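Below is one structure, written out as structure tokens; the observations come after it.
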Amino acid sequence: MINRRDLLRTMGAGFGALGLAHTLAARQQGTHFAPKAKQVIFLYLNGGVSQVDTFDPKPALTKRHGEPMPGPKIQTDRASGNLMRSPFAFRKCGQSGIEVSEIFPQVGALIDDVCVIRSMWADNGNHGPSMMLMNCGHQLAGRPSLGSWLTYGLGAENQNLPGFVVMCPGFPVMGAQLWSSAFLPNMYQGTYIPNGEREIDKLLQNIRNPDLSLGQQEKQLRLLSRLNRMYTARQPELESSIQAMEVAFQMQTEAPEAFDISRESETTRAAYGDSDFGRGCLMARRLIERGVRMAQVYFGNFQPWDSHDDIMAHQRLARQADPAIASLIRDLKQRGLFQETLLLVGSEFGRTPMIQNSGLEKLGNGRDHNVHGFSVLLAGGGVKGGMTYGATDEFGFKAVENRVHVHDLHATILHLLGLDHKRLTFRYSGRDFRLTDVHGEVVRAILA
């Protein structure tokens with residue numbers, strides 16, 4: 001009996017059939033219904049963006065500035081003091097009149113294309129568990145990431161590039177666990193790119209073989225594939241290794257071009273900004289154009305938005321984030337990619353409306369972690385623009401109206417890509433696992 005790979009090689013009469021085999025193998029599930037989006041760009045502002053200083057204005061904070069939070073003393077990760085108004089002004093933007101902080105003027109100008117969910121909540125006030133939840137649907141390590149579930153369910157449209165690419169100039173808290181495929185086959189894990197590097201050979205490490213030509217590598221890969229196939233019946237995991245080697249080989253021809261933003265006009269590069277995040281957003285657009293299923297861009301190394309000491313740091317960070325996010329939206333629209341690309345902008349949690357009191361002699365003006373209420377942005381890909389959904393209380397501390405848990409957000413993302421979060425499962429260790437565990441409801445009110 002001829003196996004699938006031998007059949008494909010016979011039909012294709014060469015190495016090109018291996019790419020086809022990878023593509024077919026990647027399409028493990030297929031959509032459950034007609035999708036509204038084909039791919040995802042996830043811009044992750046790691047550290048915890050303050051909702052009350054960006055996209056969730058609270059006049060009561062200004063009115064009650066310096067007063068204690070009403071009710072019983074609220075326990076946060078660190079000691080918190082009295083209410084603190086935002087140092088940033090908000091203004092109504094677009095025809096929708098959604099109020100946006102002055103530190104995001106370009107995003108504000110495009111707010112009619114954006115859905116602001118103001119009622120997000122999560123479970124754990126520490127960075128690690130909350131980042132795991134937002135990226136992998138579970139607080140503990142060992143679960144597949146969102147990008148891994150998407151590529152497992154849908155595959156990639158370009159066999160010469162990975163289906164899931166992650167860019168960060170260093171590493172965020174929890175590192176590679178955030179884009180792990182865990183118990184899914186390892187071909188679905190995120191491919192890490194250190195986008196702080198500018199030279200292609202440093203950006204794409206270990207892609208080019210300095211000793212062997214492409215032809216020699218092809219012969220070597222054929223031999224390895226034949227040897228591995230002799231053992232796949234006893235060791236099925238070798239199938240993923242074969243596919244990973246194939247993609248690595250194929251990336252040598254297409255990846256350098258895909259990540260080379262010098263091919264873009266000077267005007268385009270300037271619009272995104274010459275920051276790690278700006279370059280990452282531009283690379284994400286180039287990857288999506290080339291059939292990558294999910295491109296994720298972390299804002300920076302470690303947790304730059306973790307503003308415990310001084311919330312004014314958000315202003316400095318927004319100078320990089322604002323033009324990059326806005327340019328990405330404009331670029332996707334100009335290239336006809338906006339409606340088929342779901343853009344998600346968010347972080348692991350928000351921040352408290354109270355000033356943080358760390359017990360120092362000199363009181364700062366930072367904010368502590370807050371999982372009870374925060375905001376995320378969605379745009380394109382079947383989402384209604386120019387709307388807000390849900391609300392926090394009058395001070396912006398807790399989601400009180402149309403609350404959206406991270407599981408609900410994940411269920412909605414999968415739904416927009418044509419996947420039923422209850423049916424996208426993988427059997428492991430005697431049970432069926434899914435991204436949303438045993439929770440999650442699609443937020444249908446934001447669907448276009």
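Nothing in this text is a laboratory measurement; each read-out follows from the coordinates by a stated rule. This is a predicted model, so every value here is computed, not measured. Positions of Cβ are generated from backbone atoms using ideal geometry, with glycine treated the same way; all protein chains shown enter the neighbour counts.
Some observations on this one:
- Extending 7 Å from Cα along the Cβ direction at Lys422 and again at Glu197 yields two label points whose distance is 4.6 nm.
- Calculated FRET efficiency for the pair Asp432/Glu401, C-beta based, R₀ 35 Å, to 0.05: 0.55
- Among residues other than Trp121 with Cβ under 14 Å from its Cβ, the summed charge is -3 (Lys and Arg +1, Asp and Glu -1).
- In degrees, nearest ten, helix 16-26 long axis to first principal axis of the chain (Cα): 40
- Neighbour counting of Cβ atoms within 10 Å sorts the residues Ile413, Ile200, fewest neighbours leading, into Ile200, Ile413.
- The ranking of Ser145, Ser225, Ser180 from fewest to most other beta carbons within 10 Å of each one's beta carbon is Ser225, Ser180, Ser145.
- Note on Met312 and Arg290: the extension gain reaches 4.1 nm, defined as 0.36 nm multiplied by sequence separation minus the Cα-Cα distance.
- Cα→Cβ-extended label distance, 7 Å offset, between Arg78 and Gln334, nm: 4.1
- Helix 238-259 vs. the chain, principal-axis angle (Cα, 0 to 90°, nearest 10): 70
- Sorting 294-303, 212-221, 134-143 by average packing, meaning the other beta carbons within 10 Å per residue, from highest down gives 294-303, 134-143, 212-221.
- Straight-line reach from Lys92: taking Cα to Cα under 25 Å and skipping same-chain neighbours fewer than 8 places apart, the lysines in range are Lys58, Lys63, Lys333, Lys384, Lys398.
- Aspartates and glutamates whose Cα lies under 17 Å from that of Lys36, excluding same-chain neighbours fewer than 8 positions away: Asp113, Glu157, Glu289, Glu340, Asp420
- Structure-derived Rg and Dmax of the Cα atoms in Å - corresponding label in [x] 21.9, 70; [y] 22.8, 78; [z] 24.2, 73: [y]
- Computed [θ] at 222 nm, helices only, for the chain once each DSSP H run of length n ≥ 4 contributes -39500 (n - 2.57): -10000 deg cm²/dmol
- Loop-located trypsin sites (Lys or Arg not before Pro) across the stretch 35-114 with a Cβ neighbour count of 13 or fewer within 10 Å are Lys73, with loop assigned by DSSP.
- Annotation for Leu227 and Ser96: the two label points, set 7 Å from Cα along the Cα-Cβ direction, are 5.6 nm apart.
- Rounded to 10°, Cα long-axis angle of helix 276-289 versus longest principal axis of the chain: 50
- Here the Karplus curve 6.51 cos²θ - 1.76 cosθ + 1.60, taken at θ = phi - 60°, turns the phi angles of the stretch 38-53 into couplings of 10, 8, 10, 10, 10, 9, 9, 8, 5, x, x, 6, 6, 5, 6, 10 Hz, with x standing for Gly and Pro.
- Listed by chain and number, the aspartates and glutamates whose C-alpha is less than 18 Å from the C-alpha of Lys73, apart from same-chain residues fewer than 8 away, are Asp368, Asp393, Glu394.
- Ala391-Leu214 FRET efficiency (beta carbon distance; Förster radius 60 Å; 0.05 resolution): 0.60
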